[in-house]
Amino acid sequence: MIKFQDIQKGDYVLARQDGTTWAGEVTNLNGDEKEICVDNGVQEFWFKPEELSPLPLDEEQLMKLGFQKEELEDGSVKYKKGAFRILIPHKDDFSKFEIWYREEKRQIMQPISVHQLQNHYLEMTKVHLTDEVF
């Protein structure tokens, strides 16, 4: 489950409907009813927060979001999208890592989901992180 207040338009989440789980993009929020509209690529459906799950952050998701990968000599991996950077200390280990944009740096000390990365990205860059290429 994802807390309603942690979700923003444009966030990518996992939605469960009739025993099926699929990834989708949040397209609308209804604060009165605490419902979230998610587009599965074909059509939109409304969900309660308990019907949504976070999409785990991993290399596959970063590649879908348009990041470029750079493996460093010390075994760490840097992911880049524009001036935004993610540095993980070991390949495929997203348990703790560093993100930065220009002069602002943040230490992430636990695994996070895609929508949480999107929210950090938005706070730091003032642009929502999507899979669109720029």
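The values are calculated or read from the model by the stated rules, or taken from the named source; none is laboratory data. Quick caveat: nothing in here was measured; it's all calculated off a predicted structure. Every residue, glycine as well, gets a Cβ built from its backbone with ideal geometry; the counts of neighbours run over all protein chains shown.
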Which number in (1) surrounded by fewer than 18 Cβ atoms within 10 Å (Cβ to Cβ); (2) out of contact with any Gly (no Cβ under 8 Å at 6 or more places or on another chain); (3) outside any helix (DSSP H, G or I) marks the one condition that Glu60 misses? (3)
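So is Phe45 aromatic (Phe, Trp, Tyr) and under 19 Å from Ser113 (Cβ atoms) or not?
Judged against the criteria, Phe45 is not a match.
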Please enumerate the residues belonging to the stretch 13-28 that are of a type outside the set (A, V, I, L, M, F, W, C) and part of a strand (DSSP E or B). Arg16, Gln17, Thr20, Thr21, Gly24, Glu25, Thr27, Asn28
Would you please list the contacts, defined by Cβ atoms under 6 Å and residues six or more apart or on different chains, that run from a residue in the stretch 109-120 that is under 15 Å from Ser53 (Cβ atoms) and at pLDDT 95 or above to a residue that is outside any strand (DSSP E or B) and polar (S, T, N, Q)? Pro111/Ser95; Val114/Gln61
With Phe67, Phe134, Phe84 as the choices, which residue is farther than 24 Å from Lys3 by Cα and at pLDDT below 95? Phe134
Out of the residues in the stretch 70-106 that are free of Cβ contacts under 8 Å to residues at least 12 places away in the same chain, more than 20 Å from Leu55 (Cα to Cα) and of a type outside the set (A, V, I, L, M, F, W, C), which is surrounded by the most Cβ atoms within 10 Å (Cβ to Cβ)? Lys78
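One line per residue, one yes/no per condition, for (1) over 17 Å from the mean Cα position of the chain (by Cα); (2) under 16 Å from Glu132 (Cα atoms); (3) crowded, with 17+ Cβ neighbours inside 10 Å:
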site	(1), (2), (3)
Met1	no, no, no
Lys9	no, yes, no
Gln17	yes, no, no
Trp22	no, no, no
Thr27	no, yes, no
